[in-house]
Amino acid sequence: MTELTVAKTRHRDHWVLALTGELDVLSCPQVRRALDELLAEEEPHAIIDITGLKFCDVAGLRLFVTGTGRFFEAGGWLRLQGVCGTLLRLAELLASRSVLSFADDHTPTALPDAH
């Protein structure tokens, strides 16, 4: 098992959380804590860059879905970047893809459109 690392970087008016390693039921609390910190801000905006993930299970996908809702309810937005075909397929199978938002993979620090 590869440990998960979470790197938080500020870009203009949003944050980028870069995840590296494996995101599963055991490592989800680490990402949840990082998201909770960002949710404490007024109008939180964040991109989760998952380009460096080697593995993401259903618990990780569930975390992205619930995080998207929590950010929206707080008046902000949460986007995913670097999503591979496997995770997209999993989201489609679980009917979660319509809930998730995706950032432009070619411009990792570009500000996505507002909700």
| Does region 71-91 contain any residue that is at pLDDT 85 or above, surrounded by 14 or more Cβ atoms within 10 Å (Cβ to Cβ), over 9 Å from the mean Cα position of the chain (by Cα) and assigned to a helix (DSSP H, G or I)? | yes
| Selection count, region 1-20, where residues are in contact with a strand residue (DSSP E or B) (Cβ under 9 Å, 6 or more places away or on another chain), of a type outside the set (S, T, Y) and either exposed (fewer than 14 other Cβ atoms within 10 Å of the Cβ) or closer than 15 Å to R70 by Cβ (or both) | 8
| query | When you scan region 38-50, how many residues do you find that are among the aliphatic types (A, V, I, L, M) and either surrounded by fewer than 16 Cβ atoms within 10 Å (Cβ to Cβ) or assigned to a helix (DSSP H, G or I) (or both)? | reply | 3
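Yes or no, residue by residue, for (1) more than 14 Å from G82 (Cβ to Cβ); (2) touching a Lys or Arg at 6+ places or on another chain (Cβ under 8 Å):
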residue: W15; (1), (2): yes, yes
residue: G21; (1), (2): no, yes
residue: Q30; (1), (2): yes, no
residue: L39; (1), (2): yes, yes
residue: H45; (1), (2): yes, no
residue: G60; (1), (2): no, no
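Please find, among P112, P29, P108, the residue that is modelled with pLDDT under 75 and within 23 Å of L4 (Cα to Cα). Reasoning before the result, please.
Working: P112 fails: within 23 Å of L4 (Cα to Cα); P29 fails: modelled with pLDDT under 75.
Only one candidate passes the filter, namely P108.
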| Can you tell me which of D57, D13 is within 15 Å of A103 (Cβ to Cβ), at pLDDT below 95 and of a type in the set (D, E)? | D13
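Do we have any residue at all in region 21-37 that's assigned to a strand (DSSP E or B), over 12 Å from the mean Cα position of the chain (by Cα), of a type outside the set (A, V, I, L, M) and surrounded by 15 or more Cβ atoms within 10 Å (Cβ to Cβ)?
Initial filter on region 21-37 (assigned to a strand (DSSP E or B)): 21-23.
Applying the additional criterion that residues be over 12 Å from the mean Cα position of the chain (by Cα) yields 21-22.
Filter once more, so that each one left must be of a type outside the set (A, V, I, L, M): 21-22.
Okay, now just the ones that are also surrounded by 15 or more Cβ atoms within 10 Å (Cβ to Cβ), so 21-22.
Yes, region 21-37 contains at least one residue that is assigned to a strand (DSSP E or B), over 12 Å from the mean Cα position of the chain (by Cα), of a type outside the set (A, V, I, L, M) and surrounded by 15 or more Cβ atoms within 10 Å (Cβ to Cβ).
The values are calculated or read from the model by the stated rules, or taken from the named source; none is laboratory data. Every value quoted in this text rests on a predicted model; they were computed, and no experiment measured them. Neighbour counts are summed over all protein chains in view; Cβ atoms, including those assigned to glycine, are modelled from backbone coordinates with ideal geometry.
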